[in-house]
Amino acid sequence: MTIENCRRADELKLRQICKLLCTTGIRSPLTMERVKTWLNQFLTEQEKILGLLILRHLVFRTNDQLVSSLRQALRRAGKYFLPSDLNPEVANWKDVIEGRVDSIEMIYGPPTHDYTPPGKSGELIVRVLTSKLGIKKGQLQYPVQITNLTPKERYLLVDDGVYTGDQLSDFISQRGGFLADGDQSGIVVALAHETAINKFSEKFPKLPIFYGEMLTKSDGFSALSRVWVDSGVWPYTDISPEDLYMKIYERHEPFEKNSPLGYGNLGLLVAYEHGIPDDSVELLWGVSATWTPLIGR
């Protein structure tokens, strides 16, 4: 088989994988039609392979998968806050989370700013907590409405993900200082990046992060690009995947945020059914006069 035929076979295999990820419902509601529209903006053979590789390694979470990850994070939080004087056979993590342990009172809320209602992810988090995870509406309270916690209270700040940790760290410093004051609070997220975990460990050493899934720098676009080259998945020697990405990006500027690899340069390939964080590479979510995003913010 010639090199050209090998490349075509690899491209066909990638297309089949991406199609299966869409048609099996694993990435619902990310349809093949939306994928094709996005891929058609990659012009050359090299560019199309790059687009397919990004799609192949996209960490996409449906709302049901988000619920599953949050449940895992809440399980860890429940075990953490389970009073040491209680027999685990009598009370468990679900009793803690759902407010059935008399010695503590669990409170939950999404991060909000300036007393405004939560955004799209915040609204989803509120619905998930009350309809899927057994949290009563009376247990919900926005962190900006709290100054101090009573000895009985425990507060969990819940969100879909934390990546650089910058925005959430600023929020806690400006609006939620009580969170970092002691061992009565925590962060609960479906996905956490090691960058945010390390940042919180240094800045708020008493504030634990409970997560369902963890991402590392090896999950980022730059690290994946090197793996693709070293493993031969990227069949071209004249240009690297990252350099080609930047050429495509520059061709379609100006984007709104002008951050090719996403906020903090993490280069994430992460998206949810309800949207996408700006920590992900901008070709996934950016908009310009000549570029249509795969997933809108």
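The values are calculated or read from the model by the stated rules, or taken from the named source; none is laboratory data. Because the structure is predicted, anything quoted here is derived from the model rather than measured. Cβ sites come from the backbone with ideal geometry, for glycine too, and all protein chains shown count toward neighbours. Side chains included, ligands, DNA and RNA excluded: accessible areas come from the protein's heavy atoms. Shrake-Rupley method; radii C 1.70, N 1.55, O 1.52, S 1.80 Å.
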Report summary line: Per the rule of 0.36 nm per residue minus the C-alpha distance, extending Thr292 to Ser28 adds in nm 93.1 nm
Query - Label-reachable residues, the range 232-255, where backbone N falls under 19 Å from a point 7 Å from Asn40's Cα toward its Cβ - result: 252
Query - Fraction of beta bridges assigned by DSSP in the chain that are antiparallel (%, nearest 5) - result: 10
**Report entry** Identified option (computed volume of the Cα convex hull per residue in Å³; candidates (1) 165; (2) 140; (3) 151)
**Finding:** (3)
Report summary line: So, with points 7 Å from each Cα along the Cβ direction, the Asp181-Lys217 label distance in nm works out to 3.6
Query raised in the report: Under a 1.4 Å probe, what is the accessible area of the chain per residue, stated in Å²?
Result: 49
Query raised in the report: In the range 160-220, if every C-alpha pair distance is counted and binned at 10 Å from zero, what percent goes to each bin?
Result: 24, 58, 16, 2
Report summary line: A chain fully extended from Asp230 to Asn265 at 0.36 nm per residue, minus the present Cα-Cα distance, gains in nm 10.4 nm
Query raised in the report: Rounded to the nearest 20 Debye, what is the dipole magnitude of the chain about its Cα centre when Lys and Arg each give +1 and Asp and Glu each give -1 at the C-beta?
Result: 760
Query raised in the report: Along the charge dipole of the chain, which of Ser84, Val270, Leu129 sits closest to the positive end, that is, farthest toward it, with unit charges on the beta carbon of Lys, Arg, Asp and Glu (+1, +1, -1, -1)?
Result: Leu129
Report summary line: Among Leu168, Tyr155, Ala180, the residue whose Cα sits farthest towards the positive end of the charge dipole of the range 150-189, when +1 is placed on the Cβ of each Lys and Arg and -1 on the Cβ of each Asp and Glu, is Tyr155
Query - Fraction of accessible area attributable to carbon and sulfur, the range 119-235 (%, probe 1.4 Å) - result: 47
